[in-house]
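Before any comments, here is the structure.
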Amino acid sequence: MAILETNELSITFGGHVAVNTVSIQIPEKKFTSIIGPNGAGKTTFFNLLSGQLSPTGGSIYFKGSEITGLSAMERTRMGIGRSFQITNVFPNLTVLENVRVAVQSEAKVRYQMAAHFLHYKKFLDKAYEILEKVFLTDKAEMLAANLAHGEKRKLEIAMLLALDTEILLLDEPTAGMSLEEVPAIIAVLKQIKEQKDRTIVLIEHKMDMIMDMSDEVLVLYHGELLAKGTPQEIVENEAVQSAYLGGDFHGQST
């Protein structure tokens, strides 16, 4: 069953067609990756899915209902969470407070200065549970500003989980990381996938990661859907090999 669909989705900037009549179906509670050379339209396509951009043509559906005209905030409230290539956390709050604020926001409870600490205990308990899922409990009392880059990425994913999102749109979660930091993010994503309660849609350039984790891979090229299939089908696809610099596709990581 598809949880997110697009029908001939397009966007044009001036005379440049960045996304050209792309129709896809994202299966529910599966791991779907979107790949393509630089400039293929991947992030622009994500911006259309999440509501950061409005399409010039086509439509978007979430669980069968059209959401094309909804704002990014409205889509988040419906259950579509989006991460960006640049981390987006509250640097002057602790790791725990970042997640607690997100949990409290999802519960639609406003902060009250005079309220007793125990009034918010259920939010803190939920926040600790989520920090366990992303392996950050040992950093709970640290200011987010002092986290390593990879840890900030994990915190950002934790905040999306705290918002009770059904879909995680993750735009290059390993961007800017050292080789030593990447396995920690992979471990987080594998744990989320294994729980089978969320849909993950990933943009990533690390092909070994894509091949290992994806249930389905979509390939964008010049703003169009070039191919879709299992990781093995994509590796063997001649059109995809041609798009990746003359067929040097196996194991490419750039």
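The values are calculated or read from the model by the stated rules, or taken from the named source; none is laboratory data. Nothing here was measured: the structure is a model prediction, and the numbers come from that model. Don't worry about glycine lacking a Cβ; one is built from the backbone with ideal geometry, like all the others, and counts go over all protein chains shown. Heads up: the accessible areas ignore ligands, DNA and RNA and are worked out on the full protein's heavy atoms, side chains in. Shrake-Rupley method; radii C 1.70, N 1.55, O 1.52, S 1.80 Å.
Being surrounded by fewer than 20 Cβ atoms within 10 Å (Cβ to Cβ) and modelled with pLDDT of 95 or more is the filter; apply it to the range 22-51 and report the residue that is nearest to residue 5 (Cα to Cα).
In the first step, residues of the range 22-51 are kept if they are surrounded by fewer than 20 Cβ atoms within 10 Å (Cβ to Cβ); the result is 23, 25, 27-30, 37-39, 43-44.
Then drop every residue that is not modelled with pLDDT of 95 or more, which leaves 23, 25, 27-30, 44.
Values: 23: 7, 25: 4, 27: 9, 28: 11, 29: 14, 30: 14, 44: 16 Å.
Ranking the qualifying residues of the range 22-51, first place goes to 25.
Which residue, of 189, 147, 202, 179, is open to solvent by 50 Å² or more (accessible area, probe 1.4 Å), of a type in the set (A, V, I, L, M, F, W, C) and out of contact with any Gly (no Cβ under 9 Å at 6 or more places or on another chain)?
On the way: 189 fails: open to solvent by 50 Å² or more (accessible area, probe 1.4 Å); 147 fails: open to solvent by 50 Å² or more (accessible area, probe 1.4 Å); 202 fails: open to solvent by 50 Å² or more (accessible area, probe 1.4 Å).
Going through 189, 147, 202, 179 in turn, the sole match is 179.
Cβ separations smaller than 8 Å between residues 6+ apart or across chains give the following pairs from the range 25-43 residues that are closer than 10 Å to residue 172 by Cα to residues that are of a type in the set (S, T, N, Q): 43/85.
A search for C-beta distances below 6 Å between a residue of the range 150-174 that is touching a residue at least 60 places away in the same chain (Cβ under 8 Å) and any residue that is aromatic (Phe, Trp, Tyr), counting only pairs 6+ apart in sequence or on different chains, returns 169/46; 171/46; 171/84. The residue list 99, 89, 19, 109 contains one member that is modelled with pLDDT under 90, surrounded by 15 or more Cβ atoms within 10 Å (Cβ to Cβ) and among the aliphatic types (A, V, I, L, M), which is 89.
Filtering the range 52-70 to residues that are surrounded by fewer than 21 Cβ atoms within 10 Å (Cβ to Cβ) and β-branched (Val, Ile, Thr) leaves 56, 67, 68. Apart from one condition, residue 47 fits all of (1) under 17 Å from the mean Cα position of the chain (by Cα); (2) within 27 Å of residue 229 (Cβ to Cβ); (3) in contact (Cβ under 8 Å) with a residue 60 or more places away in the chain; the exception is (3).
Being closer than 30 Å to residue 62 by Cα and within 15 Å of the chain's Cα centre (by Cα) is true for just one of 172, 132. Which residue is that?
Only one candidate passes the filter, namely 172.
Of the strands (runs of 3 or more DSSP E) that lie entirely inside the range 138-254, those containing 1 or more residues that are charged (D, E, K, R) span 167-171, 216-221, 224-229.
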